[in-house]
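A.B. asks: So that we are looking at the same thing, I have put the structure below in structure tokens.
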Ligand SMILES: Nc1ncnc2c1ncn2[C@@H]1O[C@H](COP(=O)(O)OP(=O)(O)OP(=O)(O)O)[C@@H](O)[C@H]1O
Ligand SMILES: [Mg+2]
């Protein structure tokens, strides 16, 4: 990731999408991001903007049930949601390690459920529900310990 992105407060889903679009300017091929935060804190909404910013024109939906969504753009986005599957063996079977060692850019919601599998250089973005429509989205530490 290119340094310089710190995050922001957002006051609507649209602002969160714009913030994700802005992050897209800083991502680099091979980056792995953990999107950490409560239910409905804006992680998937943010991904709509990231995908848009990287030139993806299709729809971005939650991978809660699909587990992994891939968006064809440059770099390719792999959007993972661990919420419904905490069995690390299942993730290994799915080939999660190959996603981490690739030219893709990977974003993981609920990564704390598979913390043993995460690369040490993972970048953490934290999402906090501050109030009605008010979300705080910021770059946190880029180490495994905080995931
Ligand atoms: N400032 C805001 N930023 C993002 N979403 C907002 C904001 N204000 C309200 N919302 C609403 O909050 C919800 C956020 O849902 P979203 O699916 O993005 O959350 P999530 O963090 O991915 O949740 P989950 O952990 O269930 O996957 C949406 O319904 C969105 O419209
Ligand atoms: Mg989500």
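Any read-out appearing in this document is the output of simple, stated calculations on the displayed coordinates, not a laboratory observation. From a predicted model like this one, the values you see are computed outputs, not experimental measurements. Here Cβ is always computed from backbone atoms with ideal geometry, including for glycine, and neighbour counts include all displayed protein chains.
A.B. asks: What residue, of 136, 121, is part of a loop (DSSP other than H, G, I, E, B) and in contact with a strand residue (DSSP E or B) (Cβ under 8 Å, 6 or more places away or on another chain)?
C.D. replies: Exactly one of 136, 121 is part of a loop (DSSP other than H, G, I, E, B) and in contact with a strand residue (DSSP E or B) (Cβ under 8 Å, 6 or more places away or on another chain), namely 121.
A.B. asks: Next question, about the same structure. Residues in segment 21-40: is at least one within 16 Å of ligand 2 (Cβ to nearest atom), in contact with a strand residue (DSSP E or B) (Cβ under 6 Å, 6 or more places away or on another chain) and part of a loop (DSSP other than H, G, I, E, B)?
C.D. replies: Among the residues of segment 21-40, at least one is within 16 Å of ligand 2 (Cβ to nearest atom), in contact with a strand residue (DSSP E or B) (Cβ under 6 Å, 6 or more places away or on another chain) and part of a loop (DSSP other than H, G, I, E, B), which makes the answer yes.
A.B. asks: Cβ-Cβ under 6 Å, sequence separation 6+ or interchain: first residue in segment 31-44 and under 23 Å from residue 98 (Cα atoms) and touching a residue at least 40 places away in the same chain (Cβ under 8 Å), partner near ligand 2 (Cβ under 9 Å from one of its atoms) and in a loop (DSSP other than H, G, I, E, B). Which pairs?
C.D. replies: Listed pairs, sorted by first residue: 44/62.
A.B. asks: Something else: Identify the residue in segment 12-37 that is closer than 22 Å to residue 91 by Cα and within 10 Å of ligand 1 (Cβ to nearest atom) and, among all such residues, is surrounded by the most Cβ atoms within 10 Å (Cβ to Cβ).
C.D. replies: 35
A.B. asks: Let me ask something else about it. Which members of segment 109-124 meet the condition of being within 11 Å of ligand 1 (Cβ to nearest atom) and on the phi < 0 side of the Ramachandran plot?
C.D. replies: 109
A.B. asks: Does residue 2 fit the bill of being away from ligand 2 (no atom under 12 Å from the Cβ), free of Cβ contacts under 8 Å to residues at least 60 places away in the same chain and surrounded by 17 or more Cβ atoms within 10 Å (Cβ to Cβ)?
C.D. replies: No; evaluated as a whole, the condition is false for this residue.
A.B. asks: For residues in segment 118-135 being surrounded by fewer than 17 Cβ atoms within 10 Å (Cβ to Cβ) and touching a residue at least 24 places away in the same chain (Cβ under 8 Å), which is nearest to ligand 2 (Cβ to nearest atom)?
C.D. replies: That would be 129.
A.B. asks: Among the residues of segment 59-94, how many are exposed (fewer than 15 other Cβ atoms within 10 Å of the Cβ), farther than 21 Å from residue 28 by Cα and more than 13 Å from ligand 2 (Cβ to nearest atom)?
C.D. replies: Qualifying residue count, segment 59-94: 8.
A.B. asks: In this structure, does residue 62 turn out to be away from ligand 1 (no atom under 14 Å from the Cβ) and within 26 Å of residue 115 (Cβ to Cβ)?
C.D. replies: no
A.B. asks: Test of understanding: among 98, 70, 112, 85, which residue is outside any loop (DSSP other than H, G, I, E, B) and more than 16 Å from the chain's Cα centre (by Cα)?
C.D. replies: Criteria check complete, one pass: 98.
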